[in-house]
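What follows is a short report on a single structure.
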Amino acid sequence: MTQDLQGKRALVTGASGALGAAIARRLAADGAHVLLHGNSRPDAVQLLADEIRAAGGSAEPCVFNLSDDAATAAAVAQMLSAGAVQLIVNNAGIHDDAVFPGMKPEQWYGVIDVSLHGFFRVTQPLLLPMLRTRWGRIINVSSVAALSGNRGQVNYAAAKGGLNSATKALSLEVASRGVTVNAIAPGIIDSPMATSSFDAETIKRLVPAQRAGTPQDVAALAGFLASPAAGYITGQVISVNGGLY
């Protein structure tokens, strides 16, 4: 690990999950002060903050409902009271799967609200202060479902596909100010969410690497994209999928 992010403040949404926690640990190990967003599991982000601090890093929990405009605005204002947030990882997302003919409106709107509207709610108000520092990293966690589709996940694919397009468009607006915007599209990652959907034999059949990825595989790419070494990479959707297409 390096200290490339020393003095930078980073927000990781959905930090209570396996993927968000791994990314937060990586950014903290690289020197960032990490704001750990959670909502339904506040104890998990508090424990993660304690773990990061015990390992010599810097972190604090930041609990709010990403689907609530007012709650998110208040939380963002509180973050900015301590200075610009120069690194945003939009990782929060939910699944609510159903085949499209049987999908309920709340399943459609709920999934899109967290992944896509959540990206807007936190990134838009944090952007101008970031731009003023002339350095920033926005990393959006997408999914293989947005690139190749997945049965029962029309809502999820639509949400993450919108995030991919937003990544490309926003990257054009901010590149001249030293801010990069990229998306990571994980494939099958070893987590409670994935293991409930894919058994070991299915993973071997689908994935050329013959295994599920780990949260650390994704965090390694997030750490690189956040680093100074990735300053000329922007507007990209990069897959971490063991060859799955």
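The values are calculated or read from the model by the stated rules, or taken from the named source; none is laboratory data. Keep in mind that this is a model prediction, so the values were computed, not measured. Heads up, the Cβs are rebuilt from the backbone with ideal geometry, glycines too, and the neighbour counts pull from every protein chain shown.
Here are the numbers for this structure:
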{"read-out": "Residue in region 126-139 that is under 15 Å from A10 (Cβ atoms) and of a type in the set (G, A, S) present", "value": "yes"}
{"read-out": "Residue within region 177-189 that is within 23 Å of Q86 (Cα to Cα), surrounded by fewer than 18 Cβ atoms within 10 Å (Cβ to Cβ) and in contact (Cβ under 8 Å) with a residue 40 or more places away in the chain present", "value": "yes"}
{"read-out": "Residues of region 96-145 that turn out to be of a type outside the set (S, T, N, Q), touching a Leu at 6+ places or on another chain (Cβ under 7 Å) and at pLDDT below 95, as a count", "value": "1"}
{"read-out": "Residue list for region 193-245, filter: within 16 Å of S142 (Cβ to Cβ) and among the charged types (D, E, K, R)", "value": "D217"}
{"read-out": "Residues that are among the charged types (D, E, K, R) and either touching a Lys or Arg at 6+ places or on another chain (Cβ under 8 Å) or buried (at least 24 other Cβ atoms within 10 Å of the Cβ) (or both), drawn from region 26-50", "value": "R26"}
{"read-out": "Members of region 81-106 that are outside any loop (DSSP other than H, G, I, E, B) and free of Cβ contacts under 8 Å to residues at least 24 places away in the same chain", "value": "P101, G102, P105, E106"}
{"read-out": "All positions within region 49-80 that are assigned to a helix (DSSP H, G or I) and farther than 29 Å from Q3 by Cα", "value": "D69, A70, A71, T72, A73, A74"}
{"read-out": "Close pairs from region 193-216: first surrounded by 17 or more Cβ atoms within 10 Å (Cβ to Cβ) and of a type outside the set (A, V, I, L, M, F, W, C), partner modelled with pLDDT of 85 or more and part of a loop (DSSP other than H, G, I, E, B), Cβ under 8 Å, at least 6 apart", "value": "G213/G187; G213/I188; G213/D190; G213/N241; G213/G242; P215/D190"}
{"read-out": "Among (1) in contact with an Asp or Glu (Cβ under 6 Å, 6 or more places away or on another chain); (2) in a helix (DSSP H, G or I), the one test that A166 misses", "value": "(1)"}
{"read-out": "Those residues of region 221-245 which are assigned to a loop (DSSP other than H, G, I, E, B) and β-branched (V, I, T), in sequence order", "value": "I233, T234"}
